Each structure stands twice: as C-alpha cells, then as structure tokens.
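Presented below is the structure to which this report refers.
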Amino acid sequence: MPEASTKSLRHRLAVIFEDEEPRSALTRAFNMALAVLIVLNVSCVVLESVEEIRRHFARAFDLFEQVATAFFAVEYVCRVWASVDFHHQNYRDPLWGRLRYMRSFFALVDLVAVLPAVIGFFGAGDLRVLRLLRLLRMLKLVRHSTTFGLLFAVLREEARSISALIFVLLLTVTISGSLMYMLEGEEQPAVFTSIPAAMWWAIETITTVGYGDMVPITAIGRILGGIVSIVGIGTLALFSGLITVGFLDQLKSYREQHPKVAVAISRTTITVTQGNADLASDGTGHLQCPHCGGLLSRMRPKRNDLGEPLGA
C-alpha cells in the first residue's frame, strides 16, 4: 500500500477513534455497533453461568466469543496504530507515542478486552476466572459516556475535598472500632474478637447497613453505636452533597462549552439561539451559523393579513 494511502487510512481511523473529534455519522455508527457487541458479549457471559443454557448453546457461545475477541483485537491494534494522529501531542512519535498511548487508561481497558482470550490461547489461567474477566469489557462503554466523563472530572476537581472526607471516615472507623472492642470484647469475645473485627461493625454502622451479625449488647456500647450512626449519616450526606454540587458545576460547564442551535421558524418570525453569538446572512436570504458558516434557514418576509409582503 502506498505511503500516502496508508497515512490517509490511518487518519480516517484516528477520526473515528479520537474521542475529541466531532461525532460524525460514521463514528456514531461505529460506537453504536461496538456498544451492541459489548452488551451482547456480556450477556453471553452471564447466560453461560446457567448450566442448562450453556449445555444447549455452548457451541454458539464459543463461536460468538471468537468473533467478539477477533473484533476487539483488531480494534485494539488499529487504535494503537492510529494513535500518532490523535490530538494529544505525546502520541506523535511513531514508537514512543504509541507506547505512551498503550499505557493510557482506555488503552489498558481495550487490552483487557482481549486479554482473556490471549491467556486462554496459551493455556494459562482458570477458565472460570477468564469468563469473569470478560465482564470487564463493559469498561469500554465508559469511553463514549459523557456522564462518566463528567464524574471523572468531578473526582479530579474535588480530589482534595474527597480525600479529606475519606480521611474523616477512616478516622471514625478506626476510633469507633477500637472503642467498641474495648466495650464489647469481654461481653462478646466470640463476636468482637479484635479491633479489625470491630472496625467491620463500624463500617456497617456508619453506612447504616446493619447486617445484624455484630450488635452491641451493653448500654454504653449501644450509646456508642448510636453516636457512630449519627456521625456516619452526617459524613456520608456531606460526601453526597459534595459530589452532587461538583457534578452540577461540571454539567453547567459542559453545556456552556457545547451550546445547541435552536431554530424555530414560523410564517412571520424566525427565532435562532446560539449562546450569545450573533447570526450573519450571506446576502441571499439565508442565515449562516457564526461557527461553521453553514446555512440555517431561509428568511421569509413578513406579510400582512392579506398575504402580501410588508413594505411592498
């Protein structure tokens, strides 16, 4: 294949694979097909766990797994090959750029999608474990989800606050577990056997799960349990509020960066909104988008009640 044709093919693949590129019809079709394949593949893994279903459709499951693995393998190789044409500057080098891309999060997710088949091909690993590893292919759907992208952005922006809350939770678990071991260890030596065991009780209490496998029986132990429950509710509510506010801020920023063009046309008026941008006309009665220059609609003259143009 000529070098020019190779570069052209690689660039077209990069446009499809690059998440920062505008979503063309081909890109959306590819992402949709990939999502359907992942969902079907995960569904087969789940259904395979039912003995009766696996016994009747074992050959079909194996064939579909081979097809899905081949598709994921080709996709992974193509992504690595086309990564030098991605927007990220660190991927420009033909060798080191591709190696850097292979160490990225989503590239590792793509590798996990084909790893079970590679391990099984060399005869290593437990087959049950390999089947479960195939469930990790669902992580490939994260790449195309705007919601997950916003959540990751929230975790990055609020990392320090989240770390502080996690530290408070760990401190509460450690202190309350130690105190409960001191209070209930002698009364229930078979239940509160150690501080780590009492910390498990603290986790249950803070999260208000309360499995009932470890319950204080002394009066002061129950008082401590009530205090830990109240502290846990307040801390988790603060954590939830922090995530919610951060998510709403990220959602607002995303909507500001991706404004929508809304065109409403009637017989007498044309309403166009595109953020705070002004619209231009090409002189032929068409409205032009100020960003891409595309034609939006044809202006219609205002008319009176008799249907005659005004000002005629």
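Worth a mention:
- Residue ID - surrounded by the fewest Cβ atoms within 10 Å (Cβ to Cβ), chosen from residues in segment 152-168 that are within 30 Å of Phe106 (Cβ to Cβ) and of a type in the set (A, V, I, L, M): Ala159
- A Cβ distance below 9 Å, combined with a sequence gap of six or more or placement on separate chains, defines the contacts here; from segment 46-59, residues that are among the hydroxyl-bearing types (Ser, Thr, Tyr) reach residues that are part of a helix (DSSP H, G or I) in the pairs Ser49/Arg131.
Every residue, every condition in (1) loosely packed, with under 13 Cβ neighbours inside 10 Å; (2) modelled with pLDDT of 85 or more, yes or no:
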{"position": "Met1", "(1), (2)": "yes, no"}
{"position": "Thr6", "(1), (2)": "yes, no"}
{"position": "Arg10", "(1), (2)": "no, yes"}
{"position": "Val15", "(1), (2)": "no, no"}
{"position": "Glu21", "(1), (2)": "no, no"}
{"position": "Ser24", "(1), (2)": "yes, no"}
{"position": "Ile38", "(1), (2)": "no, yes"}
{"position": "Val42", "(1), (2)": "no, yes"}
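- Residue list for segment 155-212, restricted to those being in contact (Cβ under 8 Å) with a residue 60 or more places away in the chain and part of a loop (DSSP other than H, G, I, E, B): Glu158
- Complete set of residues in segment 47-66 that are β-branched (Val, Ile, Thr) and surrounded by 12 or more Cβ atoms within 10 Å (Cβ to Cβ): Ile53
The values are calculated or read from the model by the stated rules, or taken from the named source; none is laboratory data. Only a predicted model underlies this, so the values are computations on that prediction, with no experimental measurement involved. Every residue, glycine among them, receives a Cβ derived from its backbone with ideal geometry; neighbour counts consider all protein chains shown.
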